[in-house]
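*Asks:* Here it is, the structure, as structure tokens.
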Amino acid sequence: MRSSNDSTHSGGTFDLAGRESRLEQLDSFLNDPGLWNDPDRAKVLTQEATRLRRVVEGFRTLENDVEGLQELLAIASDEEQGELASEQARIEGELGTLYRETLFYGAHDIRPAIVTVKPGAGGTESSDWAGMLLRMYRRFAERQGFGVEIIDLVPNGDAPGGVDHAQMIVRGDRAFGLLNVEGGVHRLVRVSPFDSQKRRHTSFASVEVLPELDDRIQIDIDPKVLRVDVFRSSGPGGQSVNTTDSAVRIVYRGGTEDEVVVTCQDGKSQIKNRERAMTVLRGRLWEREERRRLEEQMRARGEQKAIEWGSQVRSYVLDKRYVKDHRTGEMRHDPDRVLDGDIGSLIWAGLEWRARERSRD
């Protein structure tokens, strides 16, 4: 193991000295009585300090364990060194856990994730691809032991398993913190099963990931700028299945920006669908504020490039058997496993990339 101030693990730098310095700064802020006049900011800083303190103290404990282990290894016989290997593996595993802890810093990382999948232009081919992505995220959630609730689903009748729109809430430990790096455009290249001439097709689908924000999170929504429509749900069971107008569409027209439209139709209760739609709307408005904040940061740094929130993040090239993340460079050569939900390595690489981008702020 390297120096505690520059320990490298899982492809990233631990930078303990930087975290200790940040913790001292946070403690100074938290000791200022004036901070508590702004309860929201105080809460965010308290949460950050708690996370950092857990990491710093955990690392210092492991540092002592390593020193003791090194002393034992220096005098141990070959047989005893073999027995100490399990202790070394334990330390490495705990260090990896602490390192990953540092990749979660967002105030809403601990919250459930609202995941929306929509096909791009391309009809049946793109709808099928959107359905494949929906299954991938559902399988990932199952692998993590997370709960999944489908809140809106519009199947595509021409592609078994294909969707024209899908939205679900994933609930589990840091669901939003894990999945928010999946947001963006996902590209599929394959020999199309829908093409009788077996030609190679390229399809696109977008993934949006928002935190599920409850009423305790202050998002100002003026009821006067909302339009609420109710209509007959268009589920897969036929017109006779839904005998009431339970689906809800909420249109938000606040400010000078484009309107925000949210639809929820999977539940049988109009009241429940309205509650779910308002939950998604809060997440969308939070994302809009985050985007504005990032744009202001970039202007302050003098950067001219646009923030591409919908940029292409990953390609899945099935005929050549690889998946590539365009932000991190992470490559996988087992696309079948990836599409079956084995995306952990891609997500962790994305979290490391996000942490590096944040360090530039």
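The values are calculated or read from the model by the stated rules, or taken from the named source; none is laboratory data. Predicted model only: the values in this text are computed from it and were never measured. Quick reminder, even Gly has a Cβ in these numbers, built from the backbone with ideal geometry, and neighbours come from all protein chains shown. Accessible surface is based on the protein model in full, side chains and every heavy atom, while ligands, DNA and RNA are left aside. Shrake-Rupley method; radii C 1.70, N 1.55, O 1.52, S 1.80 Å.
*Asks:* With θ set to phi - 60°, apply the Karplus curve 6.51 cos²θ - 1.76 cosθ + 1.60 along segment 172-178 and write out the HN-Hα couplings as whole Hz, x wherever there is a Gly or Pro.
*Replies:* Ordered by residue, 3J(HN,Hα) equals x, 4, 6, 4, 5, x, 6 Hz.
*Asks:* Suppose all protein chains stay in the model; what accessible area per residue would a 1.4 Å probe give for segment 103-231, in Å²? Mind showing how you got there, number by number?
*Replies:* Working: 5630 Å² over 129 residues.
That works out to 44 Å² for each residue.
*Asks:* Let me ask something else about it. So between Ala85 and Trp36, what do we pick up on full extension, going 0.36 nm a residue minus the alpha carbon distance?
*Replies:* 12.8 nm
*Asks:* I've got another one for you. Give the calculated FRET efficiency between Lys43 and Val261 to the nearest 0.05, with a Förster radius of 45 Å applied to their Cβ-Cβ distance.
*Replies:* Using R0 = 45 Å, I get an efficiency of 0.90.
*Asks:* According to the square roots a ≥ b ≥ c of the eigenvalues of the Cα gyration tensor, what is the shape class of segment 1-153, taking rounded for a/c under 1.5, prolate for a/b larger than b/c otherwise, and oblate for the remainder?
*Replies:* It comes out oblate by the Cα gyration axes.
*Asks:* Could you order Ile110, Ile221, Ile169 so the one with the most accessible surface comes first? Probe is 1.4 Å.
*Replies:* Ile110, Ile221, Ile169
*Asks:* Same structure, new question: Could you tell me what percent of the accessible area of segment 94-163 is made up of carbon and sulfur, with a 1.4 Å probe and every protein chain present?
*Replies:* In segment 94-163, the share of accessible area belonging to carbon and sulfur is 49 percent.
*Asks:* What order do His333, His108 take when sorted by accessible area (1.4 Å probe), most exposed first?
*Replies:* In descending accessible area the options line up as His333, His108.
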